[in-house]
Amino acid sequence: MQTVPLLIDGEFVASASQETIQVTNPANNETIALAPVAQAIEVEKAVAAAKAAFESWKETPVSERSRLMMRYQALLKERHDDIAKVLSSETGKTFADAKGDVWRGIEVVEQAINMPALMMGESVENVARGIDTYSYIQPLGVCTGITPFNFPAMIPLWMFPMAIAAGNTFVLKPSEQDPLTPNLLAELFVEAGAPKGVLNVVHGNKTTVDSLLHHNDVKAVSFVGSVPVGQYIYKTATENMKRAQCFAGAKNHSVIMPDANKAQVLNNLVGASVGAAGQRCMAISVAVFVGSSQEWIEELVPLFNEVKPGLWDDESAAYGPLISPAAKARVQDYIKQGKEQGATCLVDGSEYSVAGYESGNWMGPTLFTDVTPDMTIYRDEIFGPVLCCMRVDTLEEAIALVNANPYGNGTSIFTASGAAARKYQHEIEVGQVGINVPIPVPLPFFSFTGWKNSFFGDLHAYGKQAVRFYTETKTITARWFEDDIPSGPNMTINLR
Ligand code: NAD
């Protein structure tokens, strides 16, 4: 059985740790690899390698750093299918969805190629007579990223390419549930010509993360995962005087106005709620129908019944299994609670299996209606293929409902009215809004801007905000003396 190696100082090395975590194929729960829980000394070596590499990497011209990203982007595209196959093997995602996961990461690498333009500072000539002020941004040092299971390509690629192109070095701690994809991404980064120590990868769990959070040489922490872990990491990182950005869970609402295009809405709702088995932080998990809507909800039933999960290479499969038996049991429990608390279950996907793969973590799509805000299926992030339908009378009520929810990752409104869309985009307290677009994930020239309990920190992932997150600003005020400028002491604070 393969034990996933660590990447330390340019070498893939076996961990000396005796503690391992099984990496499984979610379609049958067979173990396909073992992830080591890296020892504290191994984390120490990874950070030391990154710290040493920073000394020369920060002096490497930004155009050269950008060229590394160009070669990396080309390799990722060349190996797109190979990466997606590995990704499917450890997540169960369909091949098409796995390719999408990789592609959304490649787009961030393309953005990292822009780093020379993104790092341009500001300047003002003659802030006072003969004096100019200008600013540069400079990298921080060793940055670290802690990533979740649900996008094992995209989310590591949200982090290390932007950080490294900005001149930092990096230690990645991927999810222990699917470490093979991040390791392949790291192999390709080395193959693209990354100098040793610029990217390091350590595997493990809380123990490994804690070693990073308490390390004096780690300057910034990027995290994506669940809310309790995000809160813990944000608090611990900032208490240890590190910069932190923590992207967390979600409960995304789609508001459907009576004037929306019905066919478009219904098809979008199915894909956006149960696609990827609902294991997306931007999945739509609540559909809020404004006005009379019984007929629309009833028309969702046959569409949900048509959705068939299946194996990664089955082109007709809508999505794959959940990541683990524990994840499946958790979603089943929520469905049970929804029924007990009075919601109407129109389609129940609790029991589903694929012939020959009965031991996999399969779940069919589940559709609830008559859901109310006090029910746990509304309050909690389910992270499974479950859509909750609710009804309100007015757009104002819909906005109040969404704004009262503690999460603020994404939302969408379906309408033919510009006025309704404008009101919604302006008044809604959610960081990413789609108008007739169900899952409004911004492309990497913007930033990924979750709000409220979906994000702890100030500066978000990718785009210009990531460049700010991974750098420090230095502002220089300069005067060059000419003979005819009078000198002598100046006792005031003003520049003259
Ligand atoms: P998770 O919080 O269980 O794990 C995420 C990472 O944190 C992993 O690397 C894990 O090893 C580490 N970790 C787990 N427990 C820890 C602890 N106690 N202390 C320190 N580190 C710990 O999340 P997950 O189940 O892998 O991912 C799913 C979650 O991620 C969902 O809640 C989803 O909404 C969220 N997510 C959010 C976004 C976003 O952009 N907001 C994107 C993707 C996923």
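The values are calculated or read from the model by the stated rules, or taken from the named source; none is laboratory data. Since this is a predicted model, take the numbers as computed values, not measurements. Here the Cβ positions follow ideal geometry from the backbone for every residue, glycine too, while neighbour counts run over all protein chains shown. Surface areas here come from the heavy atoms of the whole protein model, side chains and all, with no ligands, DNA or RNA. Shrake-Rupley method; radii C 1.70, N 1.55, O 1.52, S 1.80 Å.
Values for this structure:
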{"read-out": "Zone residues, the range 202-223, relative to Ile41, backbone N less than 17 Å from point 7 Å out along Cα-to-Cβ", "value": "203, 208, 211"}
{"read-out": "Distance cut-off 25 Å, percentage of C-alpha pairs in the range 252-435 lying past it", "value": "31"}
{"read-out": "FRET efficiency, Phe12 to Asp217 (Cβ-Cβ, R0 35 Å, nearest 0.05)", "value": "0.95"}
{"read-out": "Glu125-Asn240 FRET efficiency (beta carbon distance; Förster radius 51 Å; 0.05 resolution)", "value": "0.80"}
{"read-out": "Value at 222 nm in deg cm²/dmol, rounded to 500, when DSSP H runs of n ≥ 4 in the chain each add -39,500 (n - 2.57)", "value": "-11500 deg cm²/dmol"}
{"read-out": "Length released on extending from Thr31 to Asp313, taking residue separation times 0.36 nm less the Cα-Cα span", "value": "99.6 nm"}
{"read-out": "Solvent-accessible area per residue for the range 69-142 (1.4 angstrom probe, square angstrom)", "value": "45"}
{"read-out": "For the range 107-210, the spread of Cα positions along each principal axis, largest first, Å", "value": "61, 29, 26"}
{"read-out": "Protection-proxy order for peptides 298-306, 276-284, 461-469, each taking the mean of Cβ atoms within 10 Å per residue, highest first", "value": "276-284, 461-469, 298-306"}
{"read-out": "Cα point-scatterer Debye curve for the range 271-362, base-10 log of I(q)/I(0) at q = 0.21 Å⁻¹", "value": "-1.27"}
{"read-out": "Largest-first ellipsoid semi-axes for the range 14-134, taking √(5λ) over the Cα gyration tensor eigenvalues, angstrom", "value": "40, 23, 12"}
{"read-out": "Charge context of Pro5, other residues only, Cβ under 12 angstrom, K/R +1, D/E -1", "value": "-3"}
{"read-out": "Alpha carbon Rg of the chain, scaled by the compact-globule rule 2.2 N^0.38 Å", "value": "1.06"}
{"read-out": "Cβ-defined net charge surrounding Phe456, 15 Å radius [Lys, Arg +1; Asp, Glu -1]", "value": "+2"}
